[in-house]
Amino acid sequence: MPYNAKAETRDEFIADHKRAHGRSPNNASINDVYRRALKQCPSISMNPRRQQGKPCIAGTRIPVHLVLWALEQHGSIEGVLKSYPDLTTQQVKDALYFAETVLGSTRAINEATFTT
């Protein structure tokens, strides 16, 4: 569910968020973005001792980025489940929603640093 269940449109969601937090969701800190994404996606966890802190499917060592890569390669959730038969459909959907939440934040993109 990408927006607040009570809000009918994206604009209403942003207005609700501003009223509740005093800022738009895209102005949230990167830590807030990750916290919100993790709260909304119970199948995803981040642990500094597992996969160098990358977001993973909870209880596994499968990083979210590999689930996304499998989706790109196979073109469907069923294809991802063939690559990772121990995952559930809900875990794959949580990985997708987690990525959407994090990447949909302009703050996450603006705070990214690229080194060569």
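Values as computed for the structure displayed
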| quantity | calculated |
| --- | --- |
| Loop-located trypsin sites (Lys or Arg not before Pro) in segment 33-84, at most 11 other Cβ atoms within 10 Å (DSSP) | 49, 61 |
| Spacing of the two label points (7 Å from each Cα toward its C-beta) at residue 74 and residue 61, in nm | 2.1 |
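Readers should treat all values here as calculations from the given coordinates under stated rules, not as data from a laboratory. Owing to the predicted nature of the structure, the values given are computational and were not obtained by experimental measurement. Please note: Cβ atoms are built from the backbone with ideal geometry, for glycine as well, and neighbour counts cover all protein chains shown.
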